Amino acid sequence: MLEKKIRLEYAHRILFTRDVFAPANTTIRDLLLLDHPNKVPRVLIFADEQVMAANPDLSAIIHTYARTHAEVLDLAGDVVILPGGEPCKNDFSLVQQCWKSIHDGMLDRHSYVFVIGGGAALDLVCFAAATAHRGIRHLRFPTTTLSQGDGGVGVKNGVNFFGKKNWVGSFAVPFAVVNDFAFLESLPERGRRNGVIEAIKVALIRDKAFFEEMEAMTDALAQLNQSAIERVVQRSAELHVEHIASCGDPFELGSARPLDFGHWAAHKLEQITHFQVTHGEAVAIGMAVDLIYSVKKGILDSGTAERVLALIEGIGFDTYHPGLLATGKSGEPVILEGLEEFREHLGGELTVTLVPKIGEKLEVHEMERPLILLALDELAERCKPTLV
C-alpha cells in the first residue's frame, strides 16, 4: 500500500464592516488584491430577491462600485437574483440555474462568485460555486443575523433532498465572509431576532461570560436594539469561527458536532412545519427540549435550565410548538425521527451535544426516548395559557 499525507492550510477570513459596496469602502478591493495582484478576475454576483426588494438601489450601487474599482474586478453581467428563504433549498433546479449563470458568465477557477443573502441563499449558491469547475472561489455577504453570526461564517453549504435538510452539499472554505451590519437594519423583526438564538447556543457551549453579557442585555435584545444586535452577532461569529478553526475537524469527518446543540429536534421541527417555523425559532425550541431532557437525565440542574429558558423567552422566542407532539405512523411523536436522521447525517455514531453547565459541553451517544417524551410534555404544559 502506498500512503502519503496531504496537508492543506486554509485562510478563513471574516470581516465586519458597514456599506461594503460604497465606493469609498475598500474591503472588497483589498480582499481581491490578496489573490490577484496582477490580474483582473471576473466576478459574478448572486443576490437573494428578498434582500434586493429591501434594498432597491443595491444593483445600481454594485455597478457603481465595480466601475470605481475596475482595476480589481470585472463584473460578469447583471446581478443574478434568486429566491431566498428555506424553500429555495428544496428546488434543485435553482442549483442548475446557478451553474448555468456561472457557465454563461464565462467564469473559470480564477474567478469569483459573490453571494448576497440569508443563510439559505448562501447555502444554495455556494454549493453551486463549490461544484462548478470543481470549485470556484466564493465570497459570502450574509444579510441576516442568523447567517452573519452562524451559518454564513461556516464552511458548509448544501441543499435539501429526499425531504431531508442539507442532504446534498459540500465543505468549501469561502475566500472570505463579509458581514455588512447595514443589511441587518432592513430586516423584518422576526429576521432580526432569529440570529440571537445561535449566539445563546454558542455561548452555552463555549463562553459563560458572553452568556452573562447577553443576560444583562435581555431588554435591549428584546427591543432589537441595533448596537446590541451587532455586538451579539459579531461575538457569535467569532466563537463559531474559533471553533471551526481550532476543533481539529472542520469538515466533520468524525461524529461530534458541538455547534449543533439543540439542532436534532430543530431540523425535524422545521420539516414537520414545512419550514413555517424558521431555523432560529426551531433552534430555540430544540434547545429547550435538550435543556429539559438534561434536567430529567441528571446532567443539568433545574435552576440553570430555568435561567437559560428565561433568557430565550425574555428575548422573545417560544420554547414550544405543537409540532413537537405531532404523531407519525408508529404512534410516537414524529420529532423522534430526528434522532435517526441526525445520526445518519453525522455518518455513524449518534453524538448529541448537551450542556452540563453554562460554558461547557457534554457529548452523549444515546438519548432516552421516555425522557424526551417527558421533556416534550413538560414544555407543552409550561406553555399552556394561564387562565385568569
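The values are calculated or read from the model by the stated rules, or taken from the named source; none is laboratory data. What you see is a predicted model; the values in this text were computed from it and never measured. As a convention, Cβ positions derive from the backbone with ideal geometry for all residues, glycine included, and neighbour counts pool all protein chains shown.
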Criterion (part of a loop (DSSP other than H, G, I, E, B), over 23 Å from T273 (Cα atoms) and at pLDDT below 90) met by exactly one of G348, G359: G348
Among the candidates F141, F181, F211, residue that is of a type outside the set (S, T, N, Q), touching a Ser or Thr at 6+ places or on another chain (Cβ under 8 Å) and at pLDDT 95 or above: F181
Selection status of I45, closer than 22 Å to G135 by Cα and not basic (K, R): yes
Residue under evaluation T353, criteria (1) over 26 Å from K208 (Cα atoms); (2) touching a residue at least 12 places away in the same chain (Cβ under 8 Å); (3) touching a Pro at 6+ places or on another chain (Cβ under 9 Å), criterion not met: (1)
Odd one out for N179 among (1) within 19 Å of H12 (Cα to Cα); (2) in contact with a Cys (Cβ under 7 Å, 6 or more places away or on another chain): (2)
Test: T145 is within 29 Å of G191 (Cα to Cα) and among the polar types (S, T, N, Q): yes
Filter pass, A288 being at negative phi, assigned by TED's automatic domain parsing to the domain that holds H267 and either crowded, with 16+ Cβ neighbours inside 10 Å or at pLDDT below 95 (or both): yes
Leading residue by the ranking (surrounded by the fewest Cβ atoms within 10 Å (Cβ to Cβ)) among those in the stretch 167-198 that are free of Cβ contacts under 8 Å to residues at least 60 places away in the same chain and small (G, A, S): S170
Selection within the stretch 272-306 - out of contact with any helix residue (DSSP H, G or I) (no Cβ under 8 Å at 6 or more places or on another chain) and part of a helix (DSSP H, G or I): G303, T304, E306
Enumeration of residues in the stretch 39-57 that are within 19 Å of Y112 (Cα to Cα) and surrounded by 14 or more Cβ atoms within 10 Å (Cβ to Cβ): P41, R42, V43, L44, I45, F46, A47, D48
Residue match in the stretch 312-319 (condition: farther than 17 Å from K361 by Cα, in a helix (DSSP H, G or I) and in contact (Cβ under 8 Å) with a residue 12 or more places away in the chain): yes
Test: residue in the stretch 296-309 that is modelled with pLDDT of 95 or more and under 25 Å from N160 (Cα atoms): no
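Okay, residues lined up against (1) free of Cβ contacts under 8 Å to residues at least 40 places away in the same chain; (2) in the same structural domain as T145 (by TED's automatic domain parsing):
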position	(1), (2)
I6	yes, no
F21	no, yes
N38	yes, yes
E71	yes, yes
E86	no, yes
W99	yes, yes
V113	no, yes
Residue count for the stretch 315-344, restricted to those that are farther than 15 Å from C383 by Cβ and surrounded by fewer than 15 Cβ atoms within 10 Å (Cβ to Cβ): 9
Residues located in the stretch 15-33, provided they are touching a helix residue (DSSP H, G or I) at 6+ places or on another chain (Cβ under 7 Å) and charged (D, E, K, R): R18, D19
One residue from K201, K164, K208 being touching a residue at least 40 places away in the same chain (Cβ under 8 Å), among the basic types (K, R) and buried (at least 24 other Cβ atoms within 10 Å of the Cβ): K201
